[in-house]
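Here the structure comes first, spelled out in structure tokens, and everything after it is commentary.
The values are calculated or read from the model by the stated rules, or taken from the named source; none is laboratory data. On a predicted model such as this, the values are computed, not experimentally measured, just so you know. Cβ sites come from the backbone with ideal geometry, for glycine too, and all protein chains shown count toward neighbours.
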Amino acid sequence: MENFNSDLGDWKSRFSEKVLNSGKAYYDGGKVNVIHNTYDECYANVAGTYMYRVVLRRIGPGNWVSTCTCPYNLPCKHAAAVFFARERLMTFFEEETPAQKNIRDFLGSAYYSQKNKIDTFEEIEEEKDLPSEEEVYPFENFITKADGYHYFDMEVMTQHLSFTKRNVDAAKKLIENKQIILETVTTQFDQGSAEAHIQVGAHFYPVRVEFSNEEISEIECKCPECKQYVARWHMHYNMVIPCKCTTALLMLAGERLRKENPGDETDSSALELMDMIQKQNNVPAAEESVEKKEVYSFVPYLEYDNDILYASFKIGSSRMYILRKLSEFFESVQSGVSFALGKNVNFDIKNAEFDELSQKYFDFAKKIVLDEKSKMDMMDSTYVELGYEKIKGRFVLFGKRLDDFFDISFGSKVYFTAKNRRGSETVEIALEERMPRLEAQADVIKNDFSGELERIGVRGQLPEFIYGASTKYFIDENPYTLCRVNAEDNKKISVLEKLAESNRCWGFGIGRKNFTHFMNHVLPWLRDFVNVDESELEVVQKVLPPPAKMKFFLDKDGPEVFCDAKIYYGDDEYKITDAFFHLPVKDFRDKQTEANAFSLLQKYFDQSNSERQILFTNDEEKIFDLLNRGLSELKSLGDVMMSESFSSQKIRQKIKLATGVSLKSGLLDFSVSSSELNQEELYEILSGMKKKKKYIRLTNGDFVNTGDENIQRLKEITDTLDITQKEFLRGKIKIPAYRALYLDGMLESNENMYTERDKNFKNLIKEFKTVDESDFEISPELRSTMREYQVYGHKWLRTIGAYNFGGILADDMGLGKTLQTISVLLAEKENGQSGTSLIICPSSLLFNWINEFSKFAPGMKVAAVFGTVPERAKIISSYKDFDVLVTSYDLLKRDVAEYEDKEFFYAVIDEAQFIKNHSTANSKSVKTITAVHKIALTGTPIENRLSELWSIFDFLMPGFLYKYETFRKNYEAPIVKNQDVDVTENLRKMVSPFILRRLKSDVLKDLPEKIEEVRLAQFGDEQKKLYDAQALKLKKTIMSQKGDDFAKNKIQILAEITRLRQICCDPSLLFENYIGESAKREACVELIQSAIEGNHKILVFSQFTSMLELLQADLKANGISFYTITGSTEKKKRVEMVKQFNEDDTQVFLISLKAGGTGLNLTGADVVIHYDPWWNLAVQNQATDRAHRIGQTKSVSVFKLIAAGTIEEKIIELQNKKSELADEILSGEGANIMSMTKDDLLALI
């Protein structure tokens, strides 16, 4: 064989020495993984900052080129590393035997990488127990052959595998000794898998194979004897040799497949067709349930040994077992294999669960043990040399470990063993957060010769502390308690720790000159947390000076304020400022007390007169602070003496204000006055507040505190009402009537501000506060239909309308915003109000409104603005002939010119979030509409930004939230950027009277358990053409058949009806290249988005799995999370997804009706969407019951999406009539369909 290595040529010459060394280091560090290696080329992955792909290609003898995906210019260090790997690898192949070549073909060149540290073929053969050529056998030599037809035939599936006698014999022994346990063999169409566990000693390890009906595609064995054996391949490999464990699994799986004989060539489409055709007489499937797991306890045991705190653990259910090998236990848990707790007692994490506290302890211990293992793996022998070793039965609690353990255990008790001279005892102890009991002795030392007091000595001892990451702990022995020192106490103890010696004893001595400081400051601080024996300190009191007394003399001269601060010890007088002016201070003086007083004075006096030792200031703000709070602070220290000129300065508190408000001709007259200040002074104060001043100084020298409650409230009112200087000084201020409710709330909340209100204003406020008592009547034909909260909504809308205000009805999805709106329009008509109303809605809801009017107000003349441009223009021009026009946002944009000279009675925008962006064409066209009254309907008035709320109110009442630039500056920016609570509250007060929002939880007692609604979707031109063509074809087919031909072709007709229904769902289900609109699909996505914005979780059912795939794409495009269940979803996976959906934040569950219509408990959802009407109404109701069942605490909204004017709408009509014919058509799978006439079928189309 040609020497591959020599053919590399002088490859090193093309790299610089630095790059070559870096490449060698990468290779030696095991960062090269060779994927493909032949005579002419070599592919490899190199782990650098990222994973890079390197390709080497031979373009001539000794001439190679290289490419790399890294950003560096070639030749790079990654390419050099692969050349080193190629050079190393090819030494293996220079003298290989045919058997070794087979091994190489199977294992791949990556097996020989530096990471595996294998140098020769002999070592590979020894480690893998690989055979020589003559030892290899096919699978058919040692299995029972299958009789007859078998779709999954192990003999066929293993044709590309070869088995050694040694492995076969070992596999049979594993089976005979029951050391391998076959867990599952599952198949689905042409794919399958088998799983087992192999026992090695006390541990179990997983073994797995994956297969198709043609080959074994993957084998994996994780037992330590097989060295984590894994292989994936394609059929062109000429020899693959499974290990003994996978051989045993193939033997067991082959026998299971031979006996059960699953599968055949039937595909999913055929299964779906047969499922549609066969009669559904089966009893619904029983509720799927999760296999009940055994509940375990995981209990910590603390041990205090030689001043070190250890933690060990016991585990068990009915009996507890000591975990003596924590590392091995958690490694088994991580690998998913069983761990032997005792004789014939194994712990398997897959079949276990813990109580809440045990789960916390389990996670805590697992993290520590596996973190230690990771450190050992990274550090290798060095880690062990540094003192680390594999964790056995216990580990040390210190640092963050101890902090975490205490947090978990706090409030409960743990087992504790203390080892001492008397031996050891185990008790159950509590965990507390407190100070240790500290004691100290204070002694007095006298001079040996004079007998004079000379020194005070204080001494004590600290307990043995155990240190956490942020604080310290100690063991209290009476009774045993594990205690944590809180952060504040920890600071105090830390001071004593700095004084302590190695035996934890601490102490200090105080000389005679510091007796005063010790007795007045140090001793009180120490008493706070140490029990000090002060019995000897009585004699110290006799030598202390008299207690200090302070006096502060305050005076004013012009703009300056002066302070002469004095301190008295008995009859002796001193200046507090002595130390500041560097004058001598006698030892007995209380320097700390004097320093504290001087520090306070410096806050208010920033200048001094050194000759007189006088402090003074002419800073206006400091003078205000002195008057506002400084005087009371000085009085807390001593006597304050004030001159007459100083006392003449005042801060005016509680400014008395009077306001008046009246309502006339849609405007409010608002006035403000004060008996203490004139208008100019009031405005000066308000202007100063805008500059964030904390005081205003009047011309007479008095101060006004801008924090005064009355002034603050007046400022808030004038800012919100956007009152100008000219208006304020004039006295009478004109403001729009829609400010009345806000103004009343502000004035009412301040008892100290007198307010005079006229009769009209009072009546307006009263009507809004007593909406439910209003005289607005509901049409008799709707009174019995509407619920109490809907009646309130009706009256609220009428009340708002009576004062020409606009409002947002923001009820939760399913609470009947449409019905409440219709009730208002119907009542206005019955009360003789003339005029046409305009409703603007999303395209998907246009005909839903028409349908709702026909249902609840059939006497009203309602027209849909729909059709061609001339058709729409004609309807709009004759708008006065109708009570209501309904158009869409999209059509309004196109027809906006037609509405320019029209005035409507009510303008209603449905799903008002469509105008949330005030700069869009939607928003601009809507705001051109002129109407006497305006209403906005939305479940989510604010989705993402406050500007959305502004845009809706800009339609309802232009100017209510000011111009957008003003709103953004004064409200949006402070709230969003600064989370300003006051501004948020002010905005809430302003808008809340005009927003009515009820959640389902608020009106639950008025709701049925299930709210059902049909949503109609109108086809666009393209979809309608396809539907009409298919419907016409079907009609012709039915009408052309006579007698026996009609009876024989019922199945064909049913298939054509299905095609018709698929066009209703989405034409692309039938026509691959269809690119037009899809009315129901768009309506479904809009409905899902609206539900999500209202914090709902949604189930979407369809009988067509291909439709669910289209919806999946839409949800992904909109960033909406979802799960999907179809007929191909494994049962175990279904149960897992159901559990997750009920607990996590996933928003949508897409479900194939036949796969998930029964047996699933999905009470996490409260919105159900039936994308297409199901064959059988009972089955559809069963699907709804996935959410509407025991355990559901919310009212469930059920939406049926129906294509208007199609077979779907006629199916719903038949369902509502409970017609037997409906059941025959909808169940479409039974024999009775054969008795249907042509007329029955033609009536549906």
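Exactly one of these conditions fails for SER844: (1) at pLDDT below 95; (2) of a type outside the set (Val, Ile, Thr); (3) more than 40 Å from the chain's Cα centre (by Cα); (4) closer than 20 Å to LEU891 by Cα. Give me its number.
(3)
Each row is one residue, and each column tells you yes or no for (1) surrounded by fewer than 15 Cβ atoms within 10 Å (Cβ to Cβ); (2) closer than 18 Å to GLU1086 by Cα; (3) in contact with a Pro (Cβ under 7 Å, 6 or more places away or on another chain).
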residue: SER843; (1), (2), (3): no, yes, no
residue: GLU852; (1), (2), (3): no, no, no
residue: GLY859; (1), (2), (3): yes, no, no
residue: THR868; (1), (2), (3): yes, no, no
residue: THR887; (1), (2), (3): no, yes, no
residue: ALA897; (1), (2), (3): yes, no, no
residue: ILE942; (1), (2), (3): no, yes, no
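Scan the stretch 395-444 for residues that are acidic (Asp, Glu), in a strand (DSSP E or B) and either surrounded by 13 or more Cβ atoms within 10 Å (Cβ to Cβ) or free of Cβ contacts under 8 Å to residues at least 60 places away in the same chain (or both) and jot them down.
GLU425, GLU428, GLU432, GLU433, ASP443
Condition (residue is within 20 Å of GLN541 (Cα to Cα), surrounded by 13 or more Cβ atoms within 10 Å (Cβ to Cβ) and touching a Ser or Thr at 6+ places or on another chain (Cβ under 6 Å)) applied to the stretch 569-580: is it met by at least one residue?
no
What number of residues within the stretch 536-562 satisfy the criterion of being surrounded by fewer than 12 Cβ atoms within 10 Å (Cβ to Cβ), closer than 17 Å to GLU454 by Cα and in contact (Cβ under 8 Å) with a residue 40 or more places away in the chain?
Counting residues in the stretch 536-562 that are surrounded by fewer than 12 Cβ atoms within 10 Å (Cβ to Cβ), closer than 17 Å to GLU454 by Cα and in contact (Cβ under 8 Å) with a residue 40 or more places away in the chain gives 1.
Give me the pairs: first residue in the stretch 1106-1119 and closer than 22 Å to LYS1154 by Cα, second residue charged (D, E, K, R), beta-carbon distance under 6 Å, and six or more apart or on different chains, which are they?
Final answer for the pair search is LEU1110/ASP1066.
Please determine, by comparing only the residues of the stretch 911-940 that are over 14 Å from LEU892 (Cβ atoms) and among the charged types (D, E, K, R), which one is surrounded by the fewest Cβ atoms within 10 Å (Cβ to Cβ).
If we take residues in the stretch 911-940 being over 14 Å from LEU892 (Cβ atoms) and among the charged types (D, E, K, R), then LYS916 is surrounded by the fewest Cβ atoms within 10 Å (Cβ to Cβ).
Could you please give the count of residues in the stretch 760-795 that are farther than 20 Å from GLN833 by Cβ, in a loop (DSSP other than H, G, I, E, B) and either in contact (Cβ under 8 Å) with a residue 60 or more places away in the chain or among the charged types (D, E, K, R) (or both)?
Of the residues in the stretch 760-795, 2 are farther than 20 Å from GLN833 by Cβ, in a loop (DSSP other than H, G, I, E, B) and either in contact (Cβ under 8 Å) with a residue 60 or more places away in the chain or among the charged types (D, E, K, R) (or both).
Among (1) modelled with pLDDT of 80 or more; (2) of a type in the set (Val, Ile, Thr); (3) part of a loop (DSSP other than H, G, I, E, B), there is one condition THR699 misses while meeting the rest; what is its number?
The one condition THR699 does not meet is (1).
For (1) modelled with pLDDT under 80; (2) closer than 30 Å to LYS759 by Cβ; (3) among the hydrophobic types (A, V, I, L, M, F, W, C), each residue gets a yes or a no:
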{"position": "LEU601", "(1), (2), (3)": "no, no, yes"}
{"position": "ILE614", "(1), (2), (3)": "no, no, yes"}
{"position": "ILE623", "(1), (2), (3)": "no, no, yes"}
{"position": "ARG629", "(1), (2), (3)": "no, no, no"}
{"position": "GLY638", "(1), (2), (3)": "no, no, no"}
{"position": "GLU644", "(1), (2), (3)": "no, no, no"}
{"position": "SER648", "(1), (2), (3)": "no, no, no"}
{"position": "GLU680", "(1), (2), (3)": "yes, no, no"}
{"position": "LYS694", "(1), (2), (3)": "yes, no, no"}
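Looking at ILE493, ILE456, ILE466, which is the one that is of a type in the set (A, V, I, L, M), surrounded by 14 or more Cβ atoms within 10 Å (Cβ to Cβ) and closer than 20 Å to ASN306 by Cα?
ILE466
Out of LYS314, LYS367, report the one residue that is at pLDDT 85 or above, of a type in the set (Lys, Arg) and not in a helix (DSSP H, G or I).
Testing whether each residue is at pLDDT 85 or above, of a type in the set (Lys, Arg) and not in a helix (DSSP H, G or I) leaves just LYS314.
Any chance the stretch 991-1000 includes a residue that's farther than 19 Å from GLU1093 by Cα, assigned by TED's automatic domain parsing to the domain that holds ARG894, touching a residue at least 12 places away in the same chain (Cβ under 8 Å) and not aliphatic (A, V, I, L, M)?
yes
This table checks each residue for (1) under 28 Å from ILE765 (Cα atoms); (2) more than 33 Å from the chain's Cα centre (by Cα).
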residue	(1), (2)
LYS924	no, yes
THR930	yes, yes
LYS934	yes, yes
THR938	yes, no
SER951	yes, no
PHE955	yes, yes
LYS963	yes, yes
TYR971	yes, no
GLN979	no, no
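Only residues in the stretch 488-515 that are more than 17 Å from TYR467 (Cα to Cα) count as the first member; pair them with residues that are polar (S, T, N, Q) and surrounded by 12 or more Cβ atoms within 10 Å (Cβ to Cβ), Cβ under 8 angstrom, at least 6 apart or cross-chain, and list the lot.
CYS505/GLN461; TRP506/GLN461
Across the stretch 986-1019, what is the number of residues that are surrounded by 14 or more Cβ atoms within 10 Å (Cβ to Cβ) and of a type in the set (Gly, Ala, Ser)?
1
Is it fair to say TYR803 is over 40 Å from the mean Cα position of the chain (by Cα), modelled with pLDDT of 90 or more and on the phi < 0 side of the Ramachandran plot?
yes
Does the stretch 1119-1136 hold any residues that are outside any loop (DSSP other than H, G, I, E, B), over 18 Å from the mean Cα position of the chain (by Cα) and not β-branched (Val, Ile, Thr), and which are they?
Selection gives LYS1131, LYS1132, LYS1133, ARG1134, GLU1136.
It is to be established whether one or more residues within the stretch 908-918 are closer than 30 Å to THR718 by Cα, without any contact (Cβ under 8 Å) to a residue 24 or more places away in the chain and not hydrophobic (A, V, I, L, M, F, W, C).
Among the residues of the stretch 908-918, not one is closer than 30 Å to THR718 by Cα, without any contact (Cβ under 8 Å) to a residue 24 or more places away in the chain and not hydrophobic (A, V, I, L, M, F, W, C), which makes the answer no.
Tell me which residues, restricted to the stretch 1108-1135, are modelled with pLDDT of 85 or more and of a type in the set (Asp, Glu).
Of everything in the stretch 1108-1135, those that are modelled with pLDDT of 85 or more and of a type in the set (Asp, Glu) turn out to be GLU1109, ASP1114.
Mind telling me which of the residues ASN486, ASN503, ASN531, ASN447 ends up being closer than 21 Å to ASN306 by Cα, polar (S, T, N, Q) and either exposed (fewer than 15 other Cβ atoms within 10 Å of the Cβ) or in contact with a helix residue (DSSP H, G or I) (Cβ under 6 Å, 6 or more places away or on another chain) (or both)?
The match here is ASN503.
I need a count of the residues in the stretch 170-191 that are within 37 Å of the chain's Cα centre (by Cα), more than 15 Å from PRO206 (Cβ to Cβ) and without any contact (Cβ under 8 Å) to a residue 60 or more places away in the chain.
Residues in the stretch 170-191 being within 37 Å of the chain's Cα centre (by Cα), more than 15 Å from PRO206 (Cβ to Cβ) and without any contact (Cβ under 8 Å) to a residue 60 or more places away in the chain: 1 in total.
Determine which member of the set ALA1083, ALA1091, ALA1079, ALA1029 is surrounded by fewer than 20 Cβ atoms within 10 Å (Cβ to Cβ) and either modelled with pLDDT of 90 or more or not aromatic (Phe, Trp, Tyr) (or both).
Only one candidate qualifies: ALA1029.
At least 1 residues that are touching a helix residue (DSSP H, G or I) at 6+ places or on another chain (Cβ under 9 Å) and modelled with pLDDT of 75 or more in each: list the helices (runs of 4 or more DSSP H) lying fully within the stretch 111-225 that qualify.
In the stretch 111-225, the matching helices (runs of 4 or more DSSP H) lie at 154-157, 165-176.
Report every pair of residues separated by at least 6 positions or lying on different chains whose Cβ atoms are under 7 Å apart, first residue within the stretch 1066-1081 and over 20 Å from VAL1100 (Cβ atoms), second in a loop (DSSP other than H, G, I, E, B).
Close Cβ pairs (under 7 Å, with a partner that is in a loop (DSSP other than H, G, I, E, B)) amount to GLY1076/GLY1020.
Only strands (runs of 3 or more DSSP E) wholly contained in the stretch 534-591 count here; list those with 3 or more residues that are of a type in the set (Phe, Trp, Tyr).
Filter on the stretch 534-591 gives 560-569.
Do we have GLU680 as surrounded by fewer than 13 Cβ atoms within 10 Å (Cβ to Cβ) and over 30 Å from CYS563 (Cα atoms) here?
yes
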